[in-house]
1. Computed from the mean reciprocal separation of all distinct C-alpha pairs, what Kirkwood hydrodynamic radius does segment 147-338 have, in Å?
2. Normalising by the residue count of the chain, find the relative contact order in percent from Cα pairs under 8 Å and 6+ residues apart.
3. With every protein chain left in place and a probe of 1.4 Å, what is the accessible surface of Val317, to the nearest 10 Å²?
4. May I ask what percent, to the nearest 5, of DSSP beta bridges between residues of the chain are antiparallel?
5. Report Rg/Rh for segment 309-365, rounded to two decimals, where Rg is the Cα radius of gyration and Rh the Kirkwood radius.
6. Once every DSSP H run of n ≥ 4 in the chain is given -39500 (n - 2.57) and the sum is divided by its residues, what mean residue ellipticity at 222 nm do you get, rounded to the nearest 500 deg cm²/dmol?
7. Over segment 147-338, calculate the relative contact order: mean separation of alpha carbon pairs under 8 Å at least 6 apart, over the residue count, as a percent.
8. Relative to the longest principal axis of the chain, what angle (0 to 90°, nearest 10) does the C-alpha long axis of helix 206-216 take?
Amino acid sequence: MELFAKMVERDYEQVVVCQDKTSGLKAIIAIHDTTLGPALGGTRMWKYATEEEAIEDVLRLARGMTYKNAAAGLNLGGGKAVIIGDPRSDKNEEMFRAFGRYIQGLNGRYITAEDVGTTVEDMDMIHQETDYVTGISPAFGASGNPSPVTAYGVYVGMKAAAKEGFGSEDLAGKTIAVQGVGNVAYNLCKYLHKDGAELIVTDIHKPSVERAVADFGATAVDPTEIYSIKCDIFAPCALGGVINDDSLAKLKASVIAGAANNQLKEEKHGVRLQEMGIVYAPDYVINAGGVINVADELNGYNRDRAFKKVEGIYDNVARVFEIAKEENIPTFQAADRMAEQRIERVRYARGTFLQNEHHILSRKK
Ligand SMILES: NC(=O)C1=CN([C@@H]2O[C@H](COP(=O)(O)OP(=O)(O)OC[C@H]3O[C@@H](n4cnc5c(N)ncnc54)[C@H](O)[C@@H]3O)[C@@H](O)[C@H]2O)C=CC1
Ligand SMILES: CC(C)CC(=O)C(=O)O
């Protein structure tokens, strides 16, 4: 892989490769863009088949965070980290502490949080070595697990998408196919079940499916069947790349609204969704609840303030649909435009000279 070529193509600022032989840490931190502020994004722990796969994933996820944070109105840039390993068997305290020291070495350019495969306990271990970590235990006055808040944001964003697709935000009686019933989707299903939606669920981890069936009367289907199921809304809540040539040939849903990052395999699949008349709530707009919640820790965590901001996801998703219609572009492009315009406006606003401690004027004092 030509790493520099990839970084230049999508304008990444920095990629840091971290290893620690004793603990087995193999991690990559990618910082995409810090125009708006320090890069904030979670750490994913996953059994990547190859190093190349891990690099591809961290790069794509980091860029997604630049857009997510910008679109959500946060003064934060985009970054993400991956740890290569099996989250069920390869974790240890030394690994997260070693990782925390690498983050500390970046002196605030990157702030981490949870993602797939990492937990509040892992963040607490990182916190032993650095303050540049969020989503740590409420015992520290922090926000804890972001997943339930992400789920709430997806729920309100799904209502905005239902309004666009069906003319009403009411989810009662709607059949919703949920792919992956992990931390976010389990909490999402709670809201949907309470609203009277019919749930169809799948997961490669059987106990997660069984829990959703028991708790919400959901119908379980095989992971290979979820795309072809007859439903109103498809909610991708597992991993990325699931909107692709294969799934588009099978999808019956009129609306796609889910938590997963990087749902479109390629941009052409977002164009195809527009051609097919499927209402697509762009992933990084609808799933911003978690990062909005952890970002609030940077101000001294206030749950009410964080939830109020997460509720804004409804308007943000609706605004994306408006831009897409006004400009006759796919919704993913409308979301990109919204995020890019904010970054450019702030870049301009901050272009005027401001003295800082490294400037020659400061050294003269
Ligand atoms: N946790 C959070 O606050 C946020 C999560 N996200 C994204 O939402 C998605 C879900 O995140 P979490 O719920 O935290 O992760 P999780 O790991 O708790 O849940 C993901 C679930 O998907 C299942 N899964 C994996 N591959 C599958 C497949 N091919 N078919 C069916 N199920 C499959 C897993 O077994 C797991 O139960 C991820 O893409 C994550 O990046 C985005 C924003 C915030
Ligand atoms: C899980 C969040 C706290 C941050 C993040 O990495 C995301 O939104 O994808």
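1. Details: mean 1/r = 0.0610 Å⁻¹.
The answer is 16.4 Å.
2. Dividing the mean separation by the residue count of the chain yields 15 percent.
3. Accessible surface of Val317 is approximately 0 Å².
4. On the way: 13 of 39 bridges.
The answer is about 35 percent antiparallel.
5. Details: Rg = 18.4 Å, Rh = 14.1 Å.
Using only Cα positions, Rg/Rh for segment 309-365 is 1.31.
6. Estimated from H runs of four or more residues: -14000 deg cm²/dmol.
7. 24
8. 60
The values are calculated or read from the model by the stated rules, or taken from the named source; none is laboratory data. What you see is a predicted model, and the numbers here were worked out from it, not measured in a lab. Every residue, glycine as well, gets a Cβ built from its backbone with ideal geometry; the counts of neighbours run over all protein chains shown. Surface accessibility is based on the protein's heavy atoms, side chains included, excluding ligands, DNA and RNA. Shrake-Rupley method; radii C 1.70, N 1.55, O 1.52, S 1.80 Å.
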